[in-house]
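What follows is calculated from the coordinates using simple rules that are stated; it is not laboratory data. Since the structure is predicted, the reported quantities are computational estimates derived from the model, not experimental observations. Cβ sites come from the backbone with ideal geometry, for glycine too, and all protein chains shown count toward neighbours.
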Amino acid sequence: KEKRKTNSQPCGVGEAVTTSAYNLPAEHLVHVVGPDCRRPTQDQYRRELLKKSYDSLFLEVENLEPRETLVLPPLGMDVFAYPHREGARMTMEIVLAWMDEGEDPGVDMVLIVTNEQSFLKNMKTVYRESEDQFPGVDRTREYRKGKFQ
């Protein structure tokens, strides 16, 4: 909406833009364009494009204050048809690498929020397969029951 007001070009795949959060309970809203796997060229380069999308997101987040909690959807997974198993593993690896590498990003918690059941099942499978490597807690049930916000 803000880009339309200024007559700006739409964002390309892998680009991120920050706007106000409007009525959402947040300080900022970062819009990121993930790869659209329904398009043959983007599907062919989906791994590189997904990494680029998350990298753009993290660059935007690093310029924001406050940023204690980062809430994000799994990029490219819903209508853009990214394969869920591969996407779940890559999402987890990319997010954890960002949290662990270099300087402290200033984020205490990352919440990955989705209603896409297939992605959730694949994320849980990836987590169980790699439990000794990945920190974190599956809080899906608590969140759905309103016990975790």
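Quick notes on this one:
- Magnitude of the charge dipole for segment 2-135, about its Cα centre and with charges confined to Cβ atoms of Lys, Arg (+1) and Asp, Glu (-1), is about 840 debye.
- At most 16 other Cβ within 10 Å, DSSP loop - chymotrypsin sites (Phe, Trp or Tyr not before Pro), segment 1-90: Tyr22, Tyr45
- Over segment 2-135, Cα pairs under 8 Å with separation of 6+ residues give a relative contact order of 21 percent.
- Counting only DSSP beta bridges with both residues in segment 2-135, the antiparallel share comes to about 55 percent.
- Neighbour cut-off at most 11 other Cβ (10 Å), DSSP loop, trypsin sites (Lys or Arg not before Pro), segment 12-55: Arg38
- Prolate/oblate/rounded label for segment 20-99 (Cα gyration tensor, a/c 1.5): prolate
- Neighbour counts of C-beta atoms inside 10 Å place Val126, Val113 in the sequence Val113, Val126, starting with the fewest.
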